[in-house]
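Below: one structure, written as structure tokens.
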Amino acid sequence: MQTTTLSSKGQVIIPKTLRAALRWAPGTQLEVHDTPEGVLLRPAALATKASLPEGLAAIRRRVAYAGPTVSLEDMDDAVLRMAAQAARGDRAAPATKAATRIAAQIPADTATRKRTR
């Protein structure tokens, strides 16, 4: 058992070996509980997690995107359409090696037919 002393400011030093074993780094917030056996220190609970819609809304606010929501299917269709344009040599399409490689693997009618899920 180790002992420590209460300072005039109400502070105590938790021995380094104990801090290391508990993985308590400087800045770790602790809850203080008064129990019949004495004072109990416990790491403070992390903030509650937000729901998925709340989290996504927070991300949208951070990136300041004010455009419409686009579905995954719409994004997939746009990628396929651009890859098909690149495969045809359409100058308006981005001429990247990746787009050309992807387009070569896609049947010619893929960009125009409706996919089912």
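Values in this text are rule-based calculations from the coordinates and carry no lab data. What you see is a predicted model, and the numbers here were worked out from it, not measured in a lab. Cβ: placed from backbone, ideal geometry, glycine included. Neighbour counts: every protein chain shown.
Each label was represented as a point 7 Å from its Cα along the Cα-to-Cβ direction; for SER51 and GLU73 these points are 2.5 nm apart.
Sites listed here are GluC sites (Glu not before Pro) in segment 1-75 whose DSSP assignment is loop and whose Cβ has at most 16 other Cβ atoms within 10 Å: GLU37. Here the Debye sum runs over all C-alpha atoms of segment 30-93 as equal scatterers in vacuum, and log10 of I(q)/I(0) at q = 0.20 Å⁻¹ comes out as -0.91. Using a simple spin-label model with pseudo-atoms 7 Å out from Cα toward Cβ, LEU18 and LEU40 lie 1.6 nm apart.
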